[in-house]
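Here's the structure, in structure tokens; my notes come after.
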Amino acid sequence: MFATPAYAQAAGAAAPGGMEAMLINFLPLIALVVLFYFLMIRPQQRRMKQHRSMLEALKRGDQVVLSSGMLGKVVRVEDTEVGVEVASGVTVKVVKSMIADVRAKGEPAPANDSKA
């Protein structure tokens, strides 16, 4: 019913490969890590770099979209904060990292009505 010590030792010695078998067992795990890097980590780092460069190029007069979806016009740029005018005479202070998108000044507005 129980294996004898001699039988257990013989079974371990009969295992083929050794180091090669261990490498083959870890190969799928290594492939998954490489796959995650190229599909998830690298694109996220690229997106963060683009967002950081967009915020560094922020200047007065730019139209911005905040992360909450609000639209506004930049009236003051500081190191970590930005003054955004969300309505006539209404200026709010916003943390720079909460700016989701910068729209160019000359970007044409979408035509909602037909002019015939």
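Details
- Mean Cα-pair separation over length for segment 59-103, i.e. relative contact order, pairs under 8 Å, 6 or more apart, %: 38 percent
- Percentage, to the nearest whole number, of Cα pairs in segment 59-103 over 13 Å apart: 45 percent
- Taken along the Cα-to-beta-carbon direction at a fixed 7 Å, the label points for Met40 and Val86 span 3.4 nm.
- Compactness index (Cα Rg / 2.2 N^0.38 Å), segment 17-72: 2.09
Read the figures in this text as sums done on the coordinates, not as results from a lab. Because the structure is a prediction, the values reported are computed rather than measured. Note: ideal-geometry Cβ built from the backbone for every residue, glycine included; neighbour counts use all protein chains shown.
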